[in-house]
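Here the structure is laid out as structure tokens; the discussion comes afterwards.
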Amino acid sequence: QIAAFIRRSSVAGQSPGIVHIKIWAPDGTVLYSERADLRGAKLGLNDEITDTIAGNAVASTIEDADRGEAATSDLPPGTKVLEEYIPIEMGGTIPAVFEIYREATPIVAAVDQTRRNVLTVTAVAAVILGILLFLIFRTAQARLTRQTRQLLEASRRDALTGLLNHGSAVAELATLLEATRESRAAV
């Protein structure tokens, strides 16, 4: 039944899906594989299978379909395959582990599309944020410049009369005297 499922999932014109499968016993024996030469073989346990026996589902590396055990599939060379390890739990214990090789092309394509979407959204958000910050700082600078001008003018004039205060009047007179001396000296 499992072999028929694998063949059905690999029908031409559809997503290839599962390309290789094994069911492992906790002692490292292959209970089932669509490859007859692996059935009953005691291949030992790797880290992924040990983690899965502990109850954790594990997705392993994405590798080329023409390497290792995935090479038995009909996928073209260079196609990426994802290894997945899924515990089979019965009555609180894990008597077996599924090892599934799945074509990773759709997964890699979805990850690439998501990466592009995230980069696009980030770039657009950065541009919008830059424009907003520019507008905020430009407005703040204009306000500060206006307030500085008003403060300077308020420090030069009497608040009640609006006339120049004593210090400003003396400074204005000194400036006018200096300008007059320079113009006479030039003549």
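The values are calculated or read from the model by the stated rules, or taken from the named source; none is laboratory data. Being a predicted model, the structure only gives us computed values, none of them experimental. Using ideal geometry, Cβ is built from the backbone for each residue, glycine included, and neighbour counts are taken over all protein chains shown. To get the accessible areas, we keep the full protein, side chains included, count just its heavy atoms, and leave off ligands, DNA and RNA. Shrake-Rupley method; radii C 1.70, N 1.55, O 1.52, S 1.80 Å.
In this rough spin-label picture, where each label sits 7 Å from Cα along the Cβ direction, the Ala123-Leu43 distance is 4.3 nm.
Segment 97-138 and segment 158-172 have Cα centres separated by 62 Å. Based on DSSP loop calls and a cut-off of at most 14 other Cβ atoms within 10 Å, the longest stretch of the chain free of exposed trypsin sites (Lys or Arg not before Pro) is what? After excluding every exposed loop site, the longest remaining stretch is 68-187. Comparing the chain with the 2.2 N^0.38 Å rule of thumb, its C-alpha radius of gyration ratio is 2.45 (two decimals). Considering only Asp47, Asp158, Asp64, the mean-square fluctuation computed in a Gaussian network model of the chain, springs between alpha carbons under 10 angstrom, is largest for Asp158. Sorting the Cα pairs of segment 80-187 by distance into bins of 5 Å, from 0 upward, gives 2, 9, 6, 7, 6, 7, 7, 6, 5, 5, 5, 4, 4, 4, 4, 3, 4, 4, 4, 3, 1, 1, 0 percent per bin.
Using a simple spin-label model with pseudo-atoms 7 Å out from Cα toward Cβ, Ala36 and Glu63 lie 2.5 nm apart.
Summed over qualifying helices (DSSP H, 4 residues or more, each -39500 (n - 2.57)) and divided by its residue number, the chain shows a 222 nm mean residue ellipticity of -16500 deg cm²/dmol. Here the chain has 63 percent of its accessible surface on carbon and sulfur atoms, given a 1.4 Å probe and all protein chains in place. Computed on the chain, with alpha-carbon pairs under 8 angstrom and 6+ residues apart, the relative contact order is 15 percent.
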